[in-house]
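Please read the structure below before turning to the comments.
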Ligand code: AMP
Ligand code: ZN
């Protein structure tokens with residue numbers, strides 16, 4: 001599925017819901033989390049709808065690698081100097097709230113509101 005009409009992140013990708021974008025390319029969109037846990041808290045999402053890590057297969061290796069490599073560049077661009085944390089929540093036991101694969105990347109000076 002390339003887009004799910006009921007998916008909030010697909011709507012952000014399509015420009016139907018506003019977001020504070022930090023990066024966009026053919027494969028992914030990155031934007032600031034609306035309820036940040038840390039001074040810098042972004043989400044990197046594939047443009048195509050993939051519900052969660054459970055739905056990822058070998059064909060997505062390059063995409064996931066791209067997301068991971070990009071995360072470091074974006075944190076640097078956003079001025080994060082002392083490290084950052086990646087979180088990917090998967091499914092209900094993983095406390096995933098938005099069923100569109102996303103990588104949280106959080107950094108900036110502590111204290112953070114969570115974690
Ligand atoms: P998760 O629990 O991993 O599914 O986290 C979903 C994240 O998406 C949460 O941190 C929310 O604050 C964030 N979020 C939900 N809606 C939006 C939105 N419209 N724009 C930016 N971030 C959002
Ligand atoms: Zn989606």
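Quick note: the coordinates plus some simple rules give every number you see, no bench work behind them. This one's a predicted model, so the numbers in the text were calculated from it and none came from an experiment. Here the Cβ positions follow ideal geometry from the backbone for every residue, glycine too, while neighbour counts run over all protein chains shown.
Could you line up 13, 98 from fewest to most neighbouring Cβ atoms inside 10 Å? Display every interim value, and only then the final one.
Values: 13 23, 98 14.
In order of increasing Cβ crowding within 10 Å: 98, 13.
Compute the helix-to-body angle for 61-77: its Cα long axis versus the longest principal axis of the chain, expressed 0 to 90° and rounded to tens.
Once rounded, the angle reads 30 degrees.
For residue 34 and residue 73, calculate 0.36 nm times their separation in residues minus their Cα-Cα distance, and state this gained length in nm to one decimal. Walk me through the intermediate numbers first.
Numbers: separation 39, 0.36 × 39 = 14.04 nm, distance 2.09 nm.
Fully extending the segment from residue 34 to residue 73 adds 11.9 nm.
Which values, in whole Å and largest first, are the semi-axes of the equivalent ellipsoid of the chain obtained as the square root of 5 times each eigenvalue of the Cα gyration tensor? Present the calculation step by step, with values, prior to reporting the outcome.
Working: eigenvalues 96, 46, 44 Å².
Values for the chain, descending: 22, 15, 15 Å.
Would you please put 61-71, 76-86 in order of how densely packed they are, using the mean number of other Cβ atoms within 10 angstrom per residue and starting with the highest? Walk me through the numbers on the way to the answer.
Numbers: 61-71: 14.7, 76-86: 13.2.
Sorting 61-71, 76-86 by mean packing, highest first, produces 61-71, 76-86.
Mind jotting down the distance between the C-alpha centroids of the range 1-45 and the range 72-98, whole Å?
Cα centroid of the range 72-98 versus Cα centroid of the range 1-45: 13 Å apart.
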